[in-house]
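We did not get these values from a lab; they are worked out from the coordinates using the rules stated. Bear in mind that the values here come from a model prediction, so they are computed numbers and not experimental data. Virtual Cβ from ideal backbone geometry, glycine too; neighbours counted across all protein chains shown.
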């Protein structure tokens with residue numbers, strides 16, 4: 001209980017910290033694995049029931065816009081639905097090197113966001129994203145490729 005409360009406090013401070021380097025330190029201390037030169041904006045939320053280490057991983061040079069939500073644990077709380085198999089989801093999320101996630105995107109459990117991929121603002125990512133893909137929509141669908149000539 002104390003560990004979860006500590007993680008909660010670290011993330012609350014991180015989400016309101018105007019100093020990016022300090023924000024990264026606070027998120028790391030809360031159990032988020034963050035590669036070098038990765039930027040996580042303010043108001044980024046990690047829904048993992050404050051269980052900490054190893055469930056959310058970011059590679060190097062990842063860019064996260066404001067209001068992005070990473071959901072690792074999801075359940076119906078006190079509803080009778082919690083007794084029905086399949087409604088409780090626990091997993092992990094990995095965002096590989098050089099990915100860019102737009103504002104207010106939602107990344108669901110058990111998703112891997114591929115290297116050099118882009119997730120559009122407001123997208124809801126429910127499945128793995130291949131390397132170099134540009135994804136948008138709800139649910140997110142591939143709309144392009146970062147290796148296309150028009151992006152060079």
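For the stretch 10-69, just say rounded, prolate or oblate: build the C-alpha gyration tensor, square-root its eigenvalues into a ≥ b ≥ c, call rounded for a/c under 1.5, and beyond that prolate if a/b exceeds b/c, oblate if not. Intermediate values should be presented prior to the final figure.
Numbers: a/c = 1.35, a/b = 1.09, b/c = 1.24.
In terms of gyration-tensor shape, rounded.
Just grab the label-to-label distance for residue 145 and residue 60, each label 7 Å out from Cα along the Cβ direction, in nm (one decimal).
It is 2.5 nm.
Test of understanding: what is the full-extension gain from residue 45 to residue 12, defined as 0.36 nm times their sequence separation minus their Cα-Cα distance?
On the way: separation 33, 0.36 × 33 = 11.88 nm, distance 0.93 nm.
Stretched out fully, the residue 45 to residue 12 stretch lengthens by 11.0 nm.
Run the helix sum for the chain: -39,500 (n - 2.57) per DSSP H stretch of 4+ residues, divided by residue count, reported at 222 nm to the nearest 500 deg cm²/dmol. Mind showing how you got there, number by number?
Values: 2 runs with 24 residues, N = 152.
So the calculated ellipticity at 222 nm is -5000 deg cm²/dmol.
Can you tell me the FRET efficiency between residue 110 and residue 36 if r is taken as the Cβ-Cβ distance and R0 is 30 Å, rounded to the nearest 0.05?
Working: r = 25 Å, r/R0 = 0.85.
For residue 110 and residue 36, the calculated efficiency is 0.75.
Rounded to the nearest 0.05, what FRET efficiency do residue 29 and residue 79 give with R0 = 41 Å and r taken as the Cβ-Cβ distance? Could you check?
On the way: r = 33 Å, r/R0 = 0.80.
Taking R0 as 41 Å, the efficiency between residue 29 and residue 79 is 0.80.
Could you give P(r) for the stretch 5-152, binned at 10 Å from zero, as whole percent values over all Cα-Cα pairs?
Here the calculated profile for the stretch 5-152 is 12, 42, 32, 12, 2, 0.
Counting DSSP beta bridges with both partners in the chain, what percentage is antiparallel, nearest 5?
For the chain, the DSSP antiparallel bridge percentage is about 20.
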